[in-house]
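Asks: Here it is: the structure, laid out below.
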Ligand SMILES: C=C1C[C@]23C[C@@]1(O)CC[C@H]2[C@@]12CC[C@H](O)[C@@](C)(C(=O)O1)[C@H]2[C@@H]3C(=O)O
Ligand SMILES: O=C(O)CCC(=O)C(=O)O
Ligand SMILES: [Fe+2]
């Protein structure tokens, strides 16, 4: 029997997302990670050192919470921005086929929030804190390798922001119940991206933070957009490993050398999907501006300095799919002539 022809009905494309093996030789890791972050803004990490038990215990807590009756879940909401949310994402009218729990990673905030989430809040807090501790370690290990790969004189510059006790890092559990096409009017009631056969679970966006560490169950749905060309690349689910995303803050800190990747999640029509997402962020008062090692005459400063609080304020004033980093972009072509009087700028045609 011959191989059947590949028929593409959706605007998706098969692309090999890079895999980074954390047990590889240290002499190759920094360069491989930097290359993946430059070319894709996402990679899969294997041999990551986070124990199966830490992951499965959080998954169990998530399943247990999302299986509760709607009225009980609502007691942990509305998400503003923390707590339980259903369908509404953020304050500006974005909606998706999902429900979620958004938590600040501060242990006191977790202990407080656990009371409205679980019948055993002490256990819930413990499980969440263990998961956060493990993925924070992985995040910092990756960021130190990024620092090394970029030849930053202080390779801990990135991870220090995440390790800070005031870090504004978050944990999000997303639950996408299966969306069944019940009647012909279904497609009019739900948002279907152009060319996609499944409705939007979590709409297209980039993550604002430094680094995102995502783990999902074995159900597909996550997609990335690499070149803003309308093509969406499916990210195959892998419950034993993590996907790592470059966030906007890391793009700014590296003067645009590492790219934050646009992604979205589509709902599944058959199986429920759950993702557990850690967002590594700086403290609110930390300044984000390109590191000096990444600024040169050939690559002048691309971003105005901003505090993380200013960036969050901007993010929360915009829609999910808006580009927030553009607000802080320096137009070097505009700046050069006025800030350097007497300099003649020649434009090539
Ligand atoms: C629509 C929004 C939800 C969001 C805040 C925002 O105004 C724009 C960014 C969104 C996002 C995407 C990544 C994370 O899931 C998130 C927690 C974040 O930091 O930025 C969400 C915000 C949210 O859901 O509160
Ligand atoms: O659920 C997913 O796979 C994506 C979720 C996501 O992008 C987010 O929570 O920011
Ligand atoms: Fe995201």
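Throughout, read-outs are computed from the coordinates displayed, never taken from laboratory work. This one's a predicted model, so the numbers in the text were calculated from it and none came from an experiment. Note: ideal-geometry Cβ built from the backbone for every residue, glycine included; neighbour counts use all protein chains shown.
Asks: Could you list 330, 152, 210, 142 in order of exposure, starting from the residue whose Cβ has the fewest other Cβ atoms within 10 Å?
Replies: Fewest-to-most Cβ neighbours within 10 Å comes out as 330, 152, 142, 210.
Asks: Provide Rg and Dmax in Å for the chain, with only Cα atoms included in the calculation.
Replies: 21.1, 73
Asks: Would you mind telling me which residue in 229, 301, 129 has the biggest mean-square fluctuation in a Gaussian network model of the chain, where springs connect alpha carbons within a distance under 10 angstrom?
Replies: 229
Asks: A further question on this structure: Averaging sequence separations of C-alpha pairs under 8 Å and six or more residues apart, then dividing by the length of the chain, give the relative contact order as a whole percent. Let's see the in-between values first.
Replies: Details: 670 pairs, mean separation 68.8, N = 349.
Result for the chain is 20 percent.
Asks: For 37, 126, which order do you get if you count the other beta carbons within 10 Å of each Cβ and list the fewest first? Show your work: numbers first, answer last.
Replies: Numbers: 37 29, 126 16.
Taking fewest neighbouring Cβ atoms as first place, the list is 126, 37.
Asks: Mean projection of the alpha-carbon convex hull of the range 109-173 over all orientations, in nm²?
Replies: The number I arrive at for the range 109-173 is 4.8 nm².
Asks: When 97, 133, 26 are ordered from fewest to most other Cβ atoms inside 10 Å of their Cβ, what list results?
Replies: In order of increasing Cβ crowding within 10 Å: 26, 133, 97.
Asks: Considering all alpha-carbon pairs of the range 1-155, what whole percent are spaced by more than 27 angstrom?
Replies: Values: 5706 of 11935 pairs.
Percent of Cα pairs beyond 27 Å in the range 1-155: 48.
Asks: Right, here's the next one. Of 327, 318, 161, which has the largest mean-square fluctuation in a 10 Å C-alpha GNM of the chain?
Replies: Result for the chain, Cα springs under 10 Å: 327 fluctuates most.
Asks: Another question about this same structure. Looking only at 251, 53, 302, which one moves most when the chain is put into a Gaussian network model with springs between Cα atoms under 10 Å?
Replies: 53
Asks: In bins 10 Å wide, starting from 0, what share of all Cα pairs of the range 23-74 does each bin hold, as a percent?
Replies: Reading upward from the zero bin: 19, 28, 23, 19, 10, 1.
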